[in-house]
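Visitor: Got a structure here, written out as structure tokens. Questions coming.
The values are calculated or read from the model by the stated rules, or taken from the named source; none is laboratory data. Note that the structure is a prediction, hence the values are computed from the model and not measured. Neighbour counts are summed over all protein chains in view; Cβ atoms, including those assigned to glycine, are modelled from backbone coordinates with ideal geometry. Just so you know, the surface numbers come from the protein's heavy atoms only, side chains and all, with ligands and any DNA or RNA stripped out. Shrake-Rupley method; radii C 1.70, N 1.55, O 1.52, S 1.80 Å.
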Amino acid sequence: MSGTPIQHQYPDDLSHCYGCGKNNEHGLHIESRWDGEQGIARFTPRPEHIALPGYVYGGLLASLVDCHGVATAAAAAAGDGEGPQRYVTASLHVDFLRPTPLGPELTLRARLVERRGRKVVVEVEIQALDELRARGQVVAAPMPSTMAPE
């Protein structure tokens, strides 16, 4: 598995995402790594990620699915050894399977499910305390040139 997070391989001018941007000092700083078959990330929710006492806010889990899924799509689609192209979310779906405890580290695993032309479909699972807590699907697409900074 690569030691450098996928998100740290994006150009600096495309690294401001609240979820995973290394250049966003207030962001979550999600770091996904590609092992050639799946994307893996770990994230420990902070106290401010609370929904109800003792549990993680569902919006945080959706953000984790989103950023980890898009990064995994970029890594899976790269394959040319030049580093991942920046992908963006075309669709996001999350199923909350059971409450996610606030405090323990979360493990995220993502895998490529399908390619639909230029789009990549990725499934993401989030576990806490060795139990599946949420599952999601991201459809990611190469970032349109109209989104590129000038």
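Visitor: For the range 123-142, what are the residues that are polar (S, T, N, Q) and free of Cβ contacts under 8 Å to residues at least 24 places away in the same chain?
Guide: Kept after step one, since they are polar (S, T, N, Q), are these residues of the range 123-142: 127, 137.
Selection gives Q127 alone.
Visitor: In the range 1-30, how many are over 14 Å from P84 (Cα atoms), open to solvent by 50 Å² or more (accessible area, probe 1.4 Å) and not small (G, A, S)?
Guide: 9
Visitor: Is there any pair linking a residue in the range 13-36 that is in contact (Cβ under 8 Å) with a residue 24 or more places away in the chain and more than 13 Å from V65 (Cα to Cα) to one that is assigned to a loop (DSSP other than H, G, I, E, B) and open to solvent by less than 30 Å² (accessible area, probe 1.4 Å), with Cβ under 7 Å and at least six apart or on different chains, and which?
Guide: Here the result reads C17/G27; Y18/G27; Y18/L28; R33/P5, each pair linking the range 13-36 to a residue that is assigned to a loop (DSSP other than H, G, I, E, B) and open to solvent by less than 30 Å² (accessible area, probe 1.4 Å).
Visitor: Of the conditions (1) at pLDDT below 95; (2) over 13 Å from the mean Cα position of the chain (by Cα); (3) buried (at least 19 other Cβ atoms within 10 Å of the Cβ), Y87 satisfies every one except a single condition; which number is it?
Guide: Tallying (1) at pLDDT below 95; (2) over 13 Å from the mean Cα position of the chain (by Cα); (3) buried (at least 19 other Cβ atoms within 10 Å of the Cβ), Y87 fails exactly one: (2).
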